[in-house]
Amino acid sequence: MKIIIHGGFFSESSTNNETKVAKQQALKHIAMQSFQFLKHHSALETVVHAVSLLEDDELFNAGIGSQIQSDGKIRMSAAIMDGDSKKMSGVINVENVKNPVQVAQMLLDSDDKVLGGEGATSFARKLGFEEFSTEIPQRRAEYEAKKAPTGTGTVGCVALDQHGKIAVATSTGGKGFEIPGRISDSATVAGNYASENCGVSCTGVGEDIVSGAVAAKIVTRVNDGFSLKDAFAKTFEELKPFNGFAGAIAIDKQGNVFHQHSHPKMVFASFDGENIVVFD
Ligand code: ASP
């Protein structure tokens, strides 16, 4: 059993040390807590659990604490993928739900697996997801001041369970200040992808992640026999010609855990029941 989570990118220059320590603590706690959960649950259930905890923590740009778009509204995106069944489901630009990843989970067994905009929000309401504002005062103040939000980050999780099954989930509040209707990578196969061999969750500039088809390429390369390390190296090399800004976390079926980022600095934590590794 293995778990790795990420909390997106953050800028060392515009984030204070207090926030960095708070993020380290939060990621460490959530990785360890989610590993306990993994002992009694599937990889799929665990990635939803871990990402829900990350969405509930306002330190991260997903669920509570999400960034605000150019028209003053928050729209969130999230997806899950089960490596074994190859089923992926997601919501794009959903509004006023506390845990977008849980709405994505509800779509996994539906014929229509990825819903966007008003359709995603009304689907959530029909299932009983209550109206919940994920806005926090700090994001509103940044929006009013037309300042790029600091210290936030998309979240994701990859888990390998005791039966050797892999799952991945990713959730985001987006880039901040985007044009309403913009589609994030997080609920696409570029940002969130898995097979029975490997699972990958990405963060960074969604447009770059989509151009680089990052998660789908890494997983496909592992399916074709690449090691995780080589699959990451080749995929990140291909981002260089257009200075693609991306980071990714992964686990393969042998339990190898890997992460790489094109720019400093992606925040992450992994746990295998004995060793906790947290970004420094
Ligand atoms: N990838 C996300 C997006 O572009 C943002 C992020 O990862 O910080 O929507």
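Nothing in this text is a laboratory measurement; each read-out follows from the coordinates by a stated rule. Keep in mind it's a predicted model, so treat the numbers as computed, not measured. Counting neighbours? That spans all protein chains shown, and the Cβs are built from the backbone with ideal geometry, glycine included.
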Using a Förster distance of 22 Å, the FRET efficiency for H29-Q138 (Cβ separation, nearest 0.05): 0.55
Quarter of the Cα convex hull surface for the chain, i.e. its orientation-mean projected area (nm²): 13.3
Proximal charge balance of F242 [Cβ under 14 Å; K/R count +1, D/E count -1]: -3
Burial ranking of peptide ranges 43-53, 176-186 (average Cβ count within 10 Å, highest at the top): 43-53, 176-186
Karplus-derived HN-Hα couplings along region 174-183 (A = 6.51, B = -1.76, C = 1.60, θ = phi - 60°), whole Hz, x at Gly and Pro: x, 8, x, 6, 6, 5, x, x, 4, 9
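Can you pick out the pairs among K175/K217; K147/K234; K23/K175; K2/K87; K175/K265; K2/K98 whose Cα atoms lie more than 25 Å from each other?
Over 25 Å Cα-Cα: K147/K234; K2/K98.
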Modelled label reach - D56, point 7 Å along Cα→Cβ, region 5-49 residues with backbone N closer than 11 Å: 49
Extension gain, E45 back to V21 (0.36 nm per residue minus Cα-Cα distance, nm): 5.8 nm
Positive minus negative residues near T15 (Lys, Arg vs Asp, Glu; Cβ under 11 Å): +1
Ranked packing of 24-34, 190-200, 246-256, most packed first, by mean Cβ within 10 Å: 190-200, 246-256, 24-34
Neighbour-count order for I218, I74, fewest beta carbons within 10 angstrom listed first: I74, I218
Net charge dipole size for region 130-207 [Lys, Arg +1 and Asp, Glu -1 on Cβ; Debye, nearest 20]: 260
Tail fraction, Cα-Cα pairs, region 41-171, threshold 16 Å, whole percent: 60
